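Contents: one structure, followed by commentary.
The values are calculated or read from the model by the stated rules, or taken from the named source; none is laboratory data. In this text the structure is predicted, and so the values were computed from the model without any measurement. All Cβ positions, glycine included, derive from the backbone under ideal geometry; neighbour counts span all protein chains shown. The accessibility values were calculated without ligands, DNA or RNA, using every heavy atom of the protein model including side chains. Shrake-Rupley method; radii C 1.70, N 1.55, O 1.52, S 1.80 Å.
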Amino acid sequence: MQILKATADNVLAASQTVKNGGLVVYPTDTVYGLGCDPFNVDAVKKVFEVKGERKKPLPILSCCIPDLEKIVYLPEKTKKLAEKFWPGPLMLVVLKKPTLPNVVTCNLDSVGVRIPKHDIALQLICQSDGLLIGTSANKTGKKPPQTAREAAEQIGQEVDMILDGGPTPLGAPSTIVDLTSKRLKILREGTISLQQILDALS
């Protein structure tokens, strides 16, 4: 698998690959992501095959809140956190709308969403119609890659394109907050702390 420098032309080519049902590895602010069109059921199934082992719901990245509202419900508390921390390394688990295929969430009624703080990722997402699968570009249980080369070593033979945007700036996964019930739950604490989240809501 050829690793391509993330030029404007190559990002555009990657978005066409996504629209054609292909799989693309791309840089984000946290780790390298493995993306496809979340509405293309066959492409989503391929992502699960590439990741291997047990199935976990796939997160979705977007470039703006209106695009996310096509697939999820964003109540006021959620929007408050989104406006404070997006673009950035905070994933919000929220209730999904019927428009999002159940295969993405493994038949759960919720999904993790975020807007990354990374120009290349945002360009790719916007050119891929505003929504992109955003799981980490690694085999399940292996270390999430911080460079295109690390991603290529794990899954390079199983994807259609790898965009190299240099090392990821944060090099750590996002914080995940579950907002599907009245009581907020931290599923994973990353670069944004629980205290920062509570402060934003107070």
So, in the range 75-87, of the ones that are of a type outside the set (Val, Ile, Thr) and more than 17 Å from the chain's Cα centre (by Cα), which residue ends up least open to solvent (accessible area, probe 1.4 Å)?
-> 81
Within the range 161-173, which residues are in a loop (DSSP other than H, G, I, E, B) and open to solvent by 40 Å² or more (accessible area, probe 1.4 Å)?
-> 167, 169, 170, 173
(1) out of contact with any Ser or Thr (no Cβ under 9 Å at 6 or more places or on another chain); (2) surrounded by 19 or more Cβ atoms within 10 Å (Cβ to Cβ); (3) of a type outside the set (S, T, N, Q): which one isn't true of residue 37, the others all being true?
-> (1)
Output for the range 1-16, where each listed residue is farther than 12 Å from residue 164 by Cβ and under 17 Å from the mean Cα position of the chain (by Cα) = 15
Scan the range 174-202 for residues that are out of contact with any Ser or Thr (no Cβ under 6 Å at 6 or more places or on another chain) and open to solvent by 60 Å² or more (accessible area, probe 1.4 Å) and report the count.
-> 12
Scan the range 180-189 for residues that are within 18 Å of the chain's Cα centre (by Cα) and assigned to a loop (DSSP other than H, G, I, E, B) and jot them down.
-> 189
When you go through 100, 122, 58 one by one, which is the residue that is part of a helix (DSSP H, G or I) and either under 16 Å from the mean Cα position of the chain (by Cα) or crowded, with 20+ Cβ neighbours inside 10 Å (or both)?
-> 122
First in the range 168-187 and modelled with pLDDT of 90 or more and small (Gly, Ala, Ser), second anywhere and open to solvent by 60 Å² or more (accessible area, probe 1.4 Å) and not in a strand (DSSP E or B), Cβ under 9 Å, 6 or more apart = 174/191
Selected residue [part of a loop (DSSP other than H, G, I, E, B) and on the phi < 0 side of the Ramachandran plot] from 117, 84 | 117
Does residue 12 satisfy the criteria of being out of contact with any strand residue (DSSP E or B) (no Cβ under 7 Å at 6 or more places or on another chain) and at negative phi?
-> yes
Among the candidates 176, 192, 155, which residue alone is within 18 Å of the chain's Cα centre (by Cα), more than 15 Å from residue 11 (Cβ to Cβ), among the aliphatic types (A, V, I, L, M) and part of a loop (DSSP other than H, G, I, E, B)?
-> 192
Taking the range 1-20 as the search range and keeping residues that are open to solvent by 10 Å² or more (accessible area, probe 1.4 Å) and either hydrophobic (A, V, I, L, M, F, W, C) or touching a helix residue (DSSP H, G or I) at 6+ places or on another chain (Cβ under 8 Å) (or both), which one is farthest from residue 90 (Cα to Cα)?
-> 1
Taking the range 127-148 and keeping residues out of contact with any Pro (no Cβ under 8 Å at 6 or more places or on another chain), farther than 17 Å from residue 14 by Cβ and open to solvent by 30 Å² or more (accessible area, probe 1.4 Å) leaves 139, 141, 142, 143
